[in-house]
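The structure appears below as structure tokens.
Each value in this text was obtained by applying a stated rule to the coordinates, not by laboratory testing. What you see is a predicted model, and the numbers here were worked out from it, not measured in a lab. Note: ideal-geometry Cβ built from the backbone for every residue, glycine included; neighbour counts use all protein chains shown.
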Amino acid sequence: MHDDPAASPSATAARRFPVRTAAGVCAVAVLGLAAAWGMTARSEPAARAVATADRGLRGAATARVAPESTDGGDIPQDRHLTPFDTRYPAIDRLDKNLLKAVQKAARDARGDGIEFRVTSGWRSKEHQQRLLDEGIQKYGSAKKARQFVNTPEKSTHVSGKAVDIGPTDADDWLIRNGADYGLCQVYNNEMWHFELLTSPGGHCPTPRTDAAG
């Protein structure tokens, strides 16, 4: 028998148990920290990749201001575009000289309290054909529709050399002052349709009766 309690097997075990427990706790803690560090190290690249992808998606959504429906030259129904909204194909794909003249006229018109809106600019052939088809349905015949809508092959909107301006006060201003910029009303029945038909400061030709003339 062991009279010394400290020398008893239970006492010896008791002394060793805390040591083993403390060591085990430390080991577990170290392993836990290592695992946590490893997870963090592994997750950081993934987190960065996710964050980068998220920023890319948000950036793409922001960059694509113009919806796909405007790719053919359509004007968004819920927006009033100015000659300076070049992020839209209807304006960006206008003939550069025409766009420059319209922008200059728009700046000067603002001095008179007039704001230009682009109601139509460049159009794709498909867009022009759709307008012609709608015109035929509206007016009942191709001959009548052609007074207002040209064919894709002849349309100056398709070539980017025509722009439609609104509202009426802007049209009136441009009819009176457009020659100073080389801009002229083309058709009598379309006070909104302008093209570069003279040199700045020149004289505009007499407007034609309609788009069919």
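Could you pull out which residues in region 110-127 have an amide N less than 19 Å from a spot 7 Å beyond the Cα of residue 142, following the Cα-Cβ vector? Only 125-127 pass the distance filter.
Of all lysines in the structure, the ones whose alpha carbon falls short of 25 Å from that of residue 161, not counting any fewer than 8 places away in one chain, are 96, 100, 104, 125, 143, 144. What's log10 of I(q)/I(0) for region 104-143 at q = 0.22 Å⁻¹, Debye sum over Cα points only, no solvent? Each listed q corresponds, in turn, to -0.71. Compactness of region 68-148 was expressed as the Cα radius of gyration divided by 2.2 N^0.38 Å, which yields 1.26.
The Cβ shell under 10 Å around residue 135 holds other residues with a net charge of +2, Lys and Arg each +1, Asp and Glu each -1. P(r) tail for region 99-186: Cα pairs beyond 17 Å make up 53% of the total.
Considered as an equivalent ellipsoid built on the Cα gyration tensor, region 76-122 has semi-axes of 17, 14, 7 Å, the largest given first. Region 103-123 and region 158-213 have Cα centres lying 13 Å from one another.
Which shape class, rounded, prolate or oblate, goes with region 62-213 when its Cα gyration tensor gives a ≥ b ≥ c as root eigenvalues, a/c under 1.5 marks rounded, and past that a/b bigger than b/c marks prolate? Oblate. Sorted from longest to shortest, the spans of the Cα atoms of region 126-177 along the three principal axes equal 35, 23, 15 Å. Net charge in the neighbourhood of residue 107 (other residues with Cβ under 12 Å of its Cβ; Lys, Arg +1, Asp, Glu -1) is 0.
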